[in-house]
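Here the structure is laid out as structure tokens; the discussion comes afterwards.
The values are calculated or read from the model by the stated rules, or taken from the named source; none is laboratory data. The structure presented is a predicted model; accordingly, all values stated were derived computationally and were not measured. Counting neighbours? That spans all protein chains shown, and the Cβs are built from the backbone with ideal geometry, glycine included.
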Amino acid sequence: MRLAAWISVVLFASSAFSQTPTQLKTHGADAIWEPPDWMIPENVKPTVPKELLSTIRVSNFEIVLEKTSMEDVQRHLGGQFGRRGDASEGLRWLCFHGADAVGAWVLWLEDNEIDGSSIGSFQWQRLNKHGDFDSRCHTLGKATVELPSSLRLGARLSEVLKSLGPPSSKEGEKLIYFHQHEAGGTRDDPFISSNTVVVHSRNGRVWKIQASKTTSD
């Protein structure tokens, strides 16, 4: 899918939460529940030669972008659907949170109209202190989250660069990896598969990971 078309469906914002759960709130205005928006410059070119990230494993349940349905995830992991926008064109998500030896994290699994009912993207983020989770954001306790290659929260940015190579674009401490290839269709009107990975860092270590996969004509 063309990057500009994809951006018109899912927008990113670089704003990050600086919160960690201390107690649960029910539908509180400041509680962590909705995923932050995405923002990618429209002029980013697909320089990455191969797809980098299309799977994520949560509590030993493998989620494949564009294939695993939101309903399957809900059956395996629990959670409550959230929505932004209308039912046909808006964003739908599941929010999960947990903790590891380093600290707390939050994970959003997302779909929108271009994904059908399948998960098309996710955001996994480390949290700071003194925050609250909305009760709709499902707790996974000490559940593990695993990604392919060296990608993980807390990894050194130098390790990511060594594993993934040079990014398509760099904005401060944000690395953007963008891949595209033809995935069927006709010669004059091919389907385009896009894979975007965004790595945010703080003080040289990975703070947040975003990934998306879409196929469109």
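Quick one: in segment 141-155, of everything that is part of a strand (DSSP E or B) and modelled with pLDDT of 95 or more, which residue is farthest from W105 (Cα to Cα)?
Only one residue tops the list, namely E146.
Consider segment 174-200. How many of its residues are touching a helix residue (DSSP H, G or I) at 6+ places or on another chain (Cβ under 8 Å) and not in a strand (DSSP E or B)?
Counting residues in segment 174-200 that are touching a helix residue (DSSP H, G or I) at 6+ places or on another chain (Cβ under 8 Å) and not in a strand (DSSP E or B) gives 0.
Restrict the check to segment 126-139 and report whether at least one residue is under 13 Å from the mean Cα position of the chain (by Cα) and in a strand (DSSP E or B).
Yes - at least one qualifying residue is present in segment 126-139.
Consider L91 carefully, then state whether it is within 24 Å of L161 (Cβ to Cβ) and either acidic (D, E) or surrounded by 20 or more Cβ atoms within 10 Å (Cβ to Cβ) (or both).
No: the conditions fail for L91.
Cβ contacts < 8 Å: first residue touching a residue at least 24 places away in the same chain (Cβ under 8 Å) and over 19 Å from S121 (Cβ atoms), restricted to segment 132-150; second residue acidic (D, E) and loosely packed, with under 15 Cβ neighbours inside 10 Å, any location; separation 6+ or different chain. Result?
D132/D30
Scan segment 70-114 residue by residue and report those that are charged (D, E, K, R), in contact (Cβ under 8 Å) with a residue 40 or more places away in the chain and part of a helix (DSSP H, G or I). Steps first, please.
To start, the set of residues in segment 70-114 that are charged (D, E, K, R) comprises 71-72, 75, 83-84, 86, 89, 92, 100, 110-111, 113.
Still in the list and also in contact (Cβ under 8 Å) with a residue 40 or more places away in the chain: 71, 84, 100, 110-111, 113.
Within segment 70-114, E71, E113 meet the criteria.
Out of everything in segment 201-217 that is assigned to a strand (DSSP E or B) and among the polar types (S, T, N, Q), what residue ends up being modelled with the lowest pLDDT?
Among those that are assigned to a strand (DSSP E or B) and among the polar types (S, T, N, Q), it is S216.
Considering only residues that are closer than 16 Å to L53 by Cα and either over 19 Å from the mean Cα position of the chain (by Cα) or charged (D, E, K, R) (or both), look in segment 164-175 and name the one that is surrounded by the most Cβ atoms within 10 Å (Cβ to Cβ). Spell out how you get there, then give the answer.
Taking segment 164-175 and keeping what is closer than 16 Å to L53 by Cα, we get 164-168, 175.
If we keep only those that are either over 19 Å from the mean Cα position of the chain (by Cα) or charged (D, E, K, R) (or both) too, we end up with 165-166.
Details: G165: 12, P166: 10.
Here the residue is G165.
Have a look at G78, G103, G98, G82 and point out the one that is surrounded by fewer than 18 Cβ atoms within 10 Å (Cβ to Cβ), modelled with pLDDT of 85 or more and touching a Lys or Arg at 6+ places or on another chain (Cβ under 8 Å).
On the way: G78 fails: touching a Lys or Arg at 6+ places or on another chain (Cβ under 8 Å); G98 fails: surrounded by fewer than 18 Cβ atoms within 10 Å (Cβ to Cβ); G82 fails: surrounded by fewer than 18 Cβ atoms within 10 Å (Cβ to Cβ).
Selected residue: G103, the only one of G78, G103, G98, G82 that is surrounded by fewer than 18 Cβ atoms within 10 Å (Cβ to Cβ), modelled with pLDDT of 85 or more and touching a Lys or Arg at 6+ places or on another chain (Cβ under 8 Å).
Filter segment 35-63 for residues that are surrounded by 13 or more Cβ atoms within 10 Å (Cβ to Cβ), under 19 Å from L140 (Cβ atoms) and touching a residue at least 24 places away in the same chain (Cβ under 8 Å) and give the result.
P35, T55, I56, R57, V58, S59, I63
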